[in-house]
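Have a look at the structure below before the remarks.
The values are calculated or read from the model by the stated rules, or taken from the named source; none is laboratory data. None of the values given here were measured: they were computed from a predicted structure. Quick reminder, even Gly has a Cβ in these numbers, built from the backbone with ideal geometry, and neighbours come from all protein chains shown. Each accessible area value is taken on the protein alone, full model and side chains, heavy atoms only, with ligands, DNA and RNA left out. Shrake-Rupley method; radii C 1.70, N 1.55, O 1.52, S 1.80 Å.
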Amino acid sequence: MKMKPLQTLYLTQFLSAFADNMILFITLAIIKQNAFPDYYIGVVQASFLVAFVLLAPFVGAYADKNAKSHVLLVGNAIKSIGIIALFLHIDPAVSYGIVGIGAAVYSPAKYGILPSLTYSDNELLQANARIEGYTIMAILLGSVCGGILAKLSLTGSIMACFALYLVSLVMTMQIPRIQGNSNIRYLKEAKSFISDMTLLLKNRATRFSLVGTGSFWMTSSVVRLAIIAWVPVHLGIQSIDQISMLVAVTGIGIMVGALMTPKLIPARQYYNSFIFGILMIISILLFPLITNLYVTIGLLLLVGFSGGVFIVPMNTVLQDKGQGMVGAGKTIAVQNFLENTMMLAGVGIYTQISKDGLSPDMSITGIAVILAGFVGYLILQRQRLKIAL
């Protein structure tokens with residue numbers, strides 16, 4: 001029985017994201033096996049993010065000019081090349097950087113196609129919640145499987161990633177080819193990228209969304225790396241597969257939060273999502289006080305849940321308004337640029353301070369304080385947005 005286009009998109013995104021997150025823990029195993037310094041995992045993560053920042057002016061236009069199903073296919077193909085590079089023992093940062101290029105191409109089409117496959121604001125919100133839920137489920141399972149398979153066999157785990165990308169690539173062919181705008185010219189659109197970003201930042205609703213999603217992903221990227229270093233210190237756990245399972249617990253929380261979002265934050269009340277940003281901050285600040293495994297699991301679930309509810313409404317309003325302002329693909333490209341610039345800055349600072357010997361506790365506390373600053377800004381903007389509606 002042939003699946004509906006949205007269901008096919010959910011599945012291909014799940015498989016692709018599953019493989020993306022397997023790679024991170026496979027790379028962590030390679031770093032340990034080859035005696036790279038511990039902070040090198042930050043270098044690897046940064047190489048992934050650089051692709052998003054550098055390609056942002058082009059990938060949005062590419063997604064809007066071509067059928068988005070075709071763009072998804074190209075993105076998965078590039079990711080597969082990154083896996084081949086890892087298999088050939090090319091430096092993990094270079095290999096993961098190639099995967100990042102594929103992900104940068106893939107992302108604008110993944111979200112940008114949703115308005116074309118849905119028919120109302122509420123349906124778009126539900127589609128966002130589901131794709132976010134499937135993505136987080138993939139992060140959860142991919143992290144766990146990556147840790148376990150890397151422990152059993154690095155070669156086998158790399159081959160499993162490659163197979164997942166190929167299956168995702170084949171499934172993408174079942175998504176309808178909705179024609180893009182053939183009049184788009186890449187050089188012209190790249191030059192207009194700054195003006196597109198300026199336009200989205202001038203609008204109160206889209207600025208609110210961009211600040212919210214950027215601060216969330218910056219925090220998530222740093223917390224993820226910090227937890228990898230925090231677990232051995234606070235819980236005495238050294239095994240990569242066990243660490244991957246703990247990191248993946250956050251994914252369960254985000255998945256539940258994302259799926260619960262339509263009931264907790266209606267589409268037109270997206271400005272209230274800051275409440276869950278505050279809950280996320282409080283949860284993160286508690287980590288330096290914890291030494292119990294079960295309390296840690298509970299906190300990771302809470303961080304994930306609050307983060308999921310925090311981000312989904314902002315993604316929805318950004319896509320809805322951005323499509324009419326600059327185009328769906330270019331909106332997501334601007335979002336990716338800002339998010340990944342913030343993530344790159346966060347990961348870069350974390351990598352440097354880890355290299356200098358700062359404890360994971362201080363890193364976790366610091367990122368919570370920075371997130372608090374962004375959430376404070378959102379609170380100040382809330383009343384204006386409420387009045388505007």
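Summary of computed values
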{"quantity": "Cα gyration tensor shape of the stretch 56-189, rounded if a/c is under 1.5, else prolate or oblate by comparing a/b with b/c", "calculated": "oblate"}
{"quantity": "Residues whose placed amide H lies under 5 Å from that of Ala67, excluding near-sequence neighbours", "calculated": "Gly180"}
{"quantity": "Summed side-chain charge close to Ala127 - residues other than Ala127 whose Cβ falls under 13 Å, Lys, Arg +1, Asp, Glu -1", "calculated": "-1"}
{"quantity": "Three-way shape call for the stretch 270-389 based on the alpha-carbon gyration tensor, with the a/c threshold at 1.5", "calculated": "prolate"}
{"quantity": "CD proxy at 222 nm, helix term only [per DSSP H run n ≥ 4: -39500 (n - 2.57); per residue of the chain; nearest 500]", "calculated": "-29000 deg cm²/dmol"}
{"quantity": "GNM result for the chain, Cα springs below 10 Å: residue of Ala103, Ala163, Ala35 fluctuating most strongly", "calculated": "Ala35"}
{"quantity": "Percent carbon-and-sulfur accessible area, the chain, ignoring ligands, DNA and RNA, probe 1.4 Å", "calculated": "66 percent"}
{"quantity": "Compactness of the stretch 145-290 - radius of gyration and Dmax, Cα, Å", "calculated": "20.7, 58"}
{"quantity": "Cα centroid separation - the stretch 282-350 against the stretch 134-172, whole Å", "calculated": "23 Å"}
{"quantity": "Surface per residue (accessible, 1.4 Å probe) for the chain, Å²", "calculated": "40 Å²"}
{"quantity": "Within straight-line cross-link reach of Lys330, lysines at Cα separation under 25 Å, skipping those fewer than 8 residues along the same chain", "calculated": "Lys65, Lys68, Lys79, Lys110, Lys188, Lys191, Lys202, Lys321"}
{"quantity": "Stretch in the chain that is longest and holds no trypsin sites (Lys or Arg not before Pro) that DSSP places in a loop and that have at most 14 other beta carbons within 10 Å", "calculated": "186-389"}
{"quantity": "[x] 145; [y] 117; [z] 128, with the label sought being that of the calculated volume of the Cα convex hull per residue in Å³", "calculated": "[z]"}
{"quantity": "Additional length obtainable on full extension of the chain from Leu152 to Ser120, 0.36 nm per residue less Cα span", "calculated": "6.9 nm"}
{"quantity": "Global geometry of the stretch 187-229, whether rounded, prolate or oblate, following the gyration tensor of its Cα atoms and the 1.5 cut on a/c", "calculated": "oblate"}
{"quantity": "Normalised convex hull volume, the stretch 1-102, alpha-carbon set, Å³ per residue", "calculated": "104 Å³"}
{"quantity": "Space enclosed by the convex hull of the alpha-carbon atoms of the stretch 115-178, per residue, Å³", "calculated": "71 Å³"}
{"quantity": "Computed label-point distance, nm, for sites Ile297 and Lys355 using a 7 Å Cα→Cβ extension", "calculated": "3.7 nm"}
{"quantity": "Fraction of alpha-carbon pairs over 15 Å apart in the stretch 240-313 - percent", "calculated": "54 percent"}
